[in-house]
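The values are calculated or read from the model by the stated rules, or taken from the named source; none is laboratory data. This is a predicted model, so every value here is computed, not measured. Glycine gets a Cβ as well: all are built from the backbone with ideal geometry, and neighbour counts include every protein chain shown. Keep in mind that these areas ignore ligands, DNA and RNA; they rest on the heavy atoms of the full protein, side chains included. Shrake-Rupley method; radii C 1.70, N 1.55, O 1.52, S 1.80 Å.
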Amino acid sequence: MRTHYCGQVSSPIIGQEVTLCGWAHRRRDHGGVIFVDLRDREGLAQVVCDPDRPLMFKTAESVRSEFCLRISGKVRARPEGTVNAHIASGEVEILCHEMEILNPSVTPPFQIDEENLSENIRLLHRVLDLRRPQMQQNMQLRYRTARAFRRFLDDAGFIDIETPMLTKSTPEGARDYLVPSRVHPGQFFALPQSPQLFKQLLMIAGFDRYYQITKCFRDEDLRADRQPEFTQVDIETSFMNEGEIIALMEELIRVVFREAIGADLPNPFPRLPYGEAMDRYGSDKPDLRVTLELADLTDALKDVSFKVFASVANSDGGRIAALRIPGGASLTRGEIDAYTQFVGIYGAKGLAYIKVNDATQLNESGLQSPIVKNLHALALQTVVERTGAQSGDLIFFGADKRKVVNDALGALRVKIGHEKGFLNGHSWEPVWVVDFPMFDYDEEEKRWTACHHPFTSPKDEHLPLLETDPGSCLAKAYDLALNGSELGGGSVRIHSAAVQEQVFKALGIGDEEAALKFGFLLDALRYGAPPHGGLAFGLDRIVTLLAGADSIRDVIAFPKTQRAQCLLTDAPSSVDEKQLRELHIRLRQKVDTQVEVGKG
């Protein structure tokens, strides 16, 4: 039916007869000669229809946008002055001999090359949206990326093994998507948030190198660029330590970027301890393209008369940090107010600042700000020295709980860096963040929670801290960030049942609860479990970066909206009463109660 793709027709085959199939991208009638731009996944080809073939010409006259066509004709050079350098087939055209309408189309709701379409319109008509050249390119890039992952892992001796989609609910992280069981009334499967436990079981079973490109599910609260179902490249290996796993996965990412888009990433990737990343950048996935850094001032501002600073500096868990903006004294009041409003998104109550008019004058003459009079000379000197401030700079301050300061100033650093051009000029800046804490303390629940997950191994020398000081315990965990986005993360796992039980206790998981939720893992660990570890890469996020796309939804064929809905299929949707009865489910009906006037 077809000899070539449209985008593959080029000057080397001038004079040959070709048969093409595709969709009518555009039809133009030029005074008796009809031009049809035929489109398929590889690109466009210009088809010329002359009236000297009456049957073919009559068919061409009836063609409209998005008709599915099959054409046959001879490839010839375009006339001088009509070459289109923007498309692969731009030097040639096809003189049409035969044209067949394989299927007509109703008038589409938008033109395939139309820009500035709303996302809702695109997702509602996703099939047509996927015909757009950019979406075709994104889907092919996604395929090339997945293929590069598979090739590298296959060549490195990893085995692709599928793990269950229906599994046990272990709600330690995000909410599970639950699936009711028809044959076990009142009981539920969960869709996997990750194949974590199964891949560990595969290591214990002796499959020492495993991978899988798999769907995962998390019923998370609404976020701008998250999906309830997402794809990850899941990897696990035995008998490799933390450094060896990092080195192998680093090479994997270099190969993927080279094969997918021809990009060469640095070798080696820098490694940054978690504590240093938070202190300098306010983020555990820092964008190292941005040259701005935070400076910590907590210890230097404990005895100042500015109460906002002093109270934070003397509190448990408080932090005061500064962000120097070179040349920032020229920022307008409107810009500063906008940045103050921006950090409010992250819980910051305000954004103090000092304009450095003269860095040599540590007083209200050289440093312009209402807070200067409440900071003594030594404090001002420390601020200038630690930030490296020069005349003409501006210094922003964050003072609050450590998390609030890190989130607010970390985000402000990236925003100003990109808006004002404080960038190092590199296209790609990968970094491994290592030495994560084992635990975070949940103030609301008054207990320790796992920073990564409960199966992450503590550093060998920190094992005694599990009982005495969990907050100081570091993990054999590592995340890979690129340009401010997390590509993936993982850890060396706990392979000792005794250590796993210790970690459960630190998390407040008692023996009975541990046996109920994770008994199968604890039992398996007792059968000579090997040392093992791994990580998972977010395929959707990686392809988004490779494509330079604005949203993760632009690299997923059929994504959900921010409200976790599929506009194309109208899912989720109601089901009939019979299905519910078979699943032993009865919906609670909302009863609207209204009080009649006069009958209160």
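Along the range 80-85, what does the Karplus equation 6.51 cos²θ - 1.76 cosθ + 1.60 (θ = phi - 60°) give for ³J(HN,Hα), rounded to whole Hz, x for Gly and Pro?
The phi angles translate into 4, x, 10, 5, 10, 6 Hz.
At what distance in nm do the modelled label points of residue 562 and residue 178 sit from each other, each positioned 7 Å from its Cα along Cα→Cβ?
According to this spin-label approximation, the distance is 2.9 nm.
Using label points projected 7 Å from each Cα along Cα→Cβ, tell me how many nm separate residue 113 and residue 219, to one decimal.
Here the answer is 4.6 nm between the modelled labels.
What ratio of Cα Rg to 2.2 N^0.38 Å holds for the range 290-420?
Ratio of Rg to 2.2 N^0.38 Å for the range 290-420: 0.96.
Let me check I've understood the local charge: for residue 386, count other residues with C-beta under 11 angstrom from its C-beta, Lys and Arg +1, Asp and Glu -1. What total comes out?
That works out to -3.
With a 1.4 Å probe and all protein chains kept in place, how much accessible area does residue 365 have, in Å² rounded to the nearest 10?
Here the accessible area works out near 90 Å².
Toward the positive end of the charge dipole of the chain, about the Cα centre and with charges on Cβ (Lys, Arg +1; Asp, Glu -1), which of 418, 19, 247 goes farthest?
19
Please list, in chain and number order, the residues 5+ apart from residue 175 or on another chain whose amide H is under 5 Å from its amide H, with Hs placed from the backbone.
Distant-sequence amide H within range of residue 175: 219.
Using +1 at the Cβ of each Lys and Arg and -1 at the Cβ of each Asp and Glu in the chain, identify which of 104, 528, 408 lies farthest towards the dipole's positive end.
In the chain, that residue is 104.
Dipole size in debye (nearest 20) for the range 290-420 around its Cα centre, Lys and Arg Cβ +1, Asp and Glu Cβ -1?
Rounded to the nearest 20 debye, it is 260 debye.
Mind listing the Cα extents of the range 37-161 along all three principal axes, in Å, largest one first?
That works out to 61, 36, 29 Å along the principal axes.
Report the label-to-label distance for residue 390 and residue 574 in nanometres (one decimal), using points 7 Å from each Cα along the Cα→Cβ vector.
6.8 nm
For the pair residue 151 and residue 512, what calculated FRET efficiency results from E = 1/(1 + (r/R0)^6), where r is the Cβ-Cβ distance and R0 = 45 Å, to the nearest 0.05?
Efficiency computed from Cβ-Cβ geometry: 0.45.
Could you pull out every whole DSSP H run in the chain that spans at least 27 Å of Cα extent along its own axis and averages -1.0 or higher on the Kyte-Doolittle scale?
Both cut-offs are met by 242-261.
May I ask you to give the solvent-accessible area per residue for the chain, in square angstrom, as obtained with a 1.4 angstrom probe?
50 Å²
Looking at the chain, identify the longest residue range that excludes and avoids all chymotrypsin sites (Phe, Trp or Tyr not before Pro) in DSSP loops having at most 13 other Cβ atoms within 10 Å.
Excluding the exposed sites themselves, the longest stretch runs over 240-526.
What does the extension gain come out to for residue 423 and residue 102, with contour length at 0.36 nm per residue minus their alpha carbon separation?
110.3 nm
Based on alpha-carbon positions alone, could you give the equivalent ellipsoid semi-axes of the range 100-185 from the gyration tensor, as √(5λ), descending, whole Å?
Sorted largest first and rounded, they come to 37, 25, 15 Å.
Among 506, 481, 450, which residue has its Cα positioned farthest towards the positive end of the charge dipole of the range 430-550, with +1 placed on the Cβ of Lys and Arg, -1 on the Cβ of Asp and Glu, and the dipole taken about the Cα centre?
With unit charges placed on the Cβ atoms, the residue in question is 481.
Tally up the carbon and sulfur contribution to the accessible surface of the range 290-420 as a whole percent, 1.4 Å probe, everything protein left in place.
With neighbouring chains kept in place, the figure for the range 290-420 is 51 percent.
Mind pulling up the Rg/Rh value for the range 6-103? Radius of gyration and Kirkwood radius, both on Cα.
Rg divided by Rh gives 0.92.
Which of the GluC sites (Glu not before Pro) across the range 443-550 are loop residues per DSSP, with 13 or fewer other Cβ within 10 Å?
Those that pass, being in a loop and sparsely packed, are 443, 444, 445.
Take the Cα coordinates of the chain, assign each an equal point scatterer, and use the Debye formula without solvent to give log10 I(q)/I(0) at q = 0.07, 0.08 Å⁻¹.
-0.63, -0.79
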